[in-house]
Amino acid sequence: MKKFLSLLVVFCAAFLLVACGNKTYEIAVVTDVGQLNDGGFNQGTYEGAVAYAKANNKTCKYYQPANGADATDNDRINAMRQAIENGAKVIVTPGFMQATALQTVAAENPDVKFIFIDGWQLGLANITAVSYKEEESGYLAGYAAVMEGYTKLGGTFGGGGSNAACNRFAYGYVQGIQAAAAKLGKNVEVRISFNYGDAFSASTELQTQISGWYNKGTEVVFSCGGSMLQSVKAAAEETENGKIIGVDVDQSGESERVITSAVKGLAASVQKILGELYEGKWDELLADKCSNLGAADDATGLPTATWRLKNFTVEQYNALFADLKAGKLSISNELPADNMKDVLVWTAISLLTTNTTILFE
Amino acid sequence: MDNLLLILQKTLIYAIPLLIVALGGCFAERSGIINLALEGEMIFGAFIGALCVRMFQGADGYLLAHPQLMFLVALLISGISGAIFSLLLSFASVKLKADQTIAGTALNLLAPAIFVTICLAFFNQEKLVMLDIPKYAIKNSELPFILAIFFDKAYLSTFVCIALFVVLSIWLYKSKVGMHLRACGEHPQAANSVGINVFKMRYLGTTISGFLAGVGGYAFIAASAAGTAESSVGGMGFLALAIMIFGNWNPVGIALGALLFGFLKCVGPLSGQIDFFKNLGLPIYFYNIIPYLIVIIVLIISRKKSGCPKAEGQPYDKGQR
């Protein structure tokens, strides 16, 4: 027994030594509550960092804060500090929840650069923020779905109503639906919910709710939040033809039911910013700035490579997208409220819309 | 009518894991062991089941072409792993005479920890997603109402669990071994005096209990969690314990309790779509609270006429009379 124990100790020590080796990683990605393999937001960001690292011969590593979906600011701070200990020179942090942790760690380490995805200016010269015009992607997805011929739509949004990115997706989605409905002169019904998916995760409740929607005739549901797709997918597969709109990245690979995805160019923009950083343009272009990326930067849109819509063609989409780029579409990005999980907000929105009935749950 | 059918179908889907896990709890307690570890056994069973299914789905084998058979195999694997996991509890509380509540709690803490460690190591995520979501065994939208509840959009787990429930309930009450097992929960010394091996019976009760919890765990993640195993089963194990007490430790009561709680669990998510509930205008949180509120109320009301096995929770000591 003693022998065994001493062997164990030696083994552990060897393991620790290996773990503390000199290997350093220059580019670090610290994930948010959705975690790395969420098939969406975090994964897209990480893939961007990996692609840049590969192309430019840098080292890249991801860090997942402890406690997974319940990670706190302290967990995120620890993950960032660990990344710096491992030699990170630039840390990519997807997710608006990282703000507090960023402020702490960035102030401690002025030499390390931070890229704050879905973020805003935090007043520190070593942080740059990237935000997206999600309302554009949402608009395009809603517009495309109605043009395809769907008249009963749904949308379930993560973040519990207080996540600005999800709210912009929702707001744009409804505007797109309304624009297409008005153009076709059809009446369209859309169900909106912020009830499940506060941490963007799948849940039995979400699945039950969405299968209720499909049961009541909803044809396509916008699943806005990484792993929430799992629940929507399960609900869709209970039905004969229930369809899904994915989010953040091209989610068509996740299920046959995904007709399109409201993407934002996470990977592309991470690569672009890392490129600018390594070209030495940080102070000039990025320091304490917020890049707000949209169609003009090709950072929003629908993926055309995996097009599955039949009545609304890629050509029609490209024409629409060109209009959007040229600023010919009026898409409001002024959210009516900070918290969109409020029936009054949606009542107000539905008063302004024609041809569209909004059912808020 | 569509609404009602939807609610009843969803009720059944929520009720099935509760039903089978509560029966599991009943088996353990009838043999004299408090099985607080139902939640942990569900998590562990579901985890191993999901892991195997992921492997089956990844490899090009016979099971890949026969998803329903794979479902059945996964249920069996989950049950067996739940049973093996429960041996920790029976070893601690039967052999070592440890405090059963504490042993059970330890298992509840251990299961999610094992799960998270392995999942983070291999999948970079604190959950395990199957490559393909388990499908219905039967789809039949033409059926008349009552039959449609059971035979339209039903999972294999529904039939397996109902069959297990009926057979095991009858076995517990009508067979010789079942009666011996129950005797050990009421008065183990008396049982021993007529030659029943109390240790053996308690091992048997707890192992069956672990098996059923494992089956219930897989039934839960397959039918209502989109084929995703997580480090919790949403408190279903504890709810099943409450249902067992609610049902007064007998199968008929457990069945009624499981249906009631299944119904209450699905009212929340559907409340926005049913005019009756929508008109009440209650916040969604209210519906989420109801099942747990009812547990408390029922326990207060029913504490007098409890059918609780007399010797449950007490380590068996041969010397006592």
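Things to note:
- For segment B:255-265, the Karplus equation 6.51 cos²θ - 1.76 cosθ + 1.60, evaluated at θ = phi - 60°, returns couplings of 4, 4, x, 4, 5, 4, 6, x, 4, 5, 5 Hz by residue, with Gly and Pro reported as x.
- Remark on A:ILE192: its backbone amide H falls under 5 Å from those of A:GLY155, A:LEU359, A:PHE360, A:GLU361, a criterion applied only to residues 5 or more positions apart or on other chains, H modelled at 1.01 Å from N.
- For A:VAL146, the shell of other residues with beta-carbons less than 12 Å away shows a net charge of 0, using +1 for Lys and Arg and -1 for Asp and Glu.
- Across B:GLN273, B:GLN68, B:GLN100, mean-square fluctuation computed from a Gaussian network of chain B (C-alpha pairs under 10 Å connected) peaks at B:GLN273.
- Kirkwood hydrodynamic radius over Cα pairs of segment A:300-361, then Stokes diffusion coefficient at 10 °C and 1.306 mPa s, in µm²/s: 110
- Sum of side-chain charges, B:THR158 neighbourhood, beta-carbon under 15 Å (Lys, Arg +1; Asp, Glu -1): +2
- Other-chain or far-sequence residues with amide H under 5 Å of A:LYS289's (modelled H): A:ALA129
- For B:VAL167 and A:ASN74, a Förster radius of 41 Å and the Cβ-Cβ distance give a FRET efficiency of 0.20, rounded to the nearest 0.05.
- Across the protein assembly as shown the C-alpha pair distances fall into 20 Å bins from zero in the proportions 17, 45, 30, 7, 0 percent.
- Per-residue average of Cβ from other chains inside 10 Å of B:116-125: 3
- Sites A:LYS328 and A:GLU284, calculated FRET efficiency, Cβ-Cβ separation with R0 35 Å, nearest 0.05: 0.65
- If the convex hull is drawn through the Cα atoms of chain A, its volume per residue in Å³: 158
- At q = 0.16 Å⁻¹, base-10 log of I(q)/I(0) for segment B:13-234 (Debye sum, equal scatterers on each alpha carbon): -1.02
- Highest GNM mean-square fluctuation among A:LYS89, A:LYS310, A:LYS152, for chain A modelled with Cα contacts below 10 Å: A:LYS310.
- Within segment B:71-99, backbone nitrogen closer than 19 Å to the virtual label 7 Å beyond the Cα of B:PHE199 toward Cβ: B:86-99
- Label-point gap, in nm, between A:ALA55 and B:HIS187 - each point 7 angstrom along Cα→Cβ: 8.2
- Per-residue HN-Hα couplings for segment A:96-112 [Karplus 6.51, -1.76, 1.60; θ = phi - 60°; Hz; x = Gly/Pro]: 5, 6, 7, 3, 4, 4, 4, 4, 5, 6, 5, 5, 5, 10, x, 7, 8
- Reachable lysines, given that their alpha-carbon falls under 19 Å from the alpha-carbon of B:LYS135 and they are not under 8 places away in the same chain: A:LYS233, A:LYS243, B:LYS10, B:LYS153
- Cut-off 15 Å, label 7 Å out along Cα→Cβ of A:GLU240, residues of segment B:134-153 by amide N: B:139-143, B:153
- Along principal axes, Cα extents of segment A:253-361, largest first, whole Å: 51, 36, 31
- Computed label-point distance, nm, for sites A:LEU352 and A:ASP298 using a 7 Å Cα→Cβ extension: 3.2
- Per-residue packing, averaged as other Cβ atoms within 10 Å, sorts the ranges A:224-230, A:141-147 into the order A:224-230, A:141-147, beginning with the highest.
- For the residues B:GLY58, B:GLY214, B:GLY257, a GNM of chain B with alpha-carbon springs under 10 Å puts the largest fluctuation on B:GLY58.
- Surrounding net charge for A:PHE96, when Lys and Arg each add one and Asp and Glu each subtract one, Cβ distance under 9 Å: -2
- Full extension of the chain between B:PHE123 and B:ASN250 yields a length gain of 41.6 nm, computed as 0.36 nm times the residue separation minus the alpha carbon distance.
- Each residue of segment A:76-87 is assigned a 3J(HN,Hα), and the resulting list reads 5, 4, 4, 5, 5, 5, 5, 4, 5, 4, 7, x Hz, derived from the Karplus form 6.51 cos²θ - 1.76 cosθ + 1.60 (θ = phi - 60°), x at Gly and Pro.
Values in this text are rule-based calculations from the coordinates and carry no lab data. All values derive from a computational prediction rather than experimental measurement. Neighbour counts run over all protein chains shown; Cβ positions are idealised from the backbone, glycine included.
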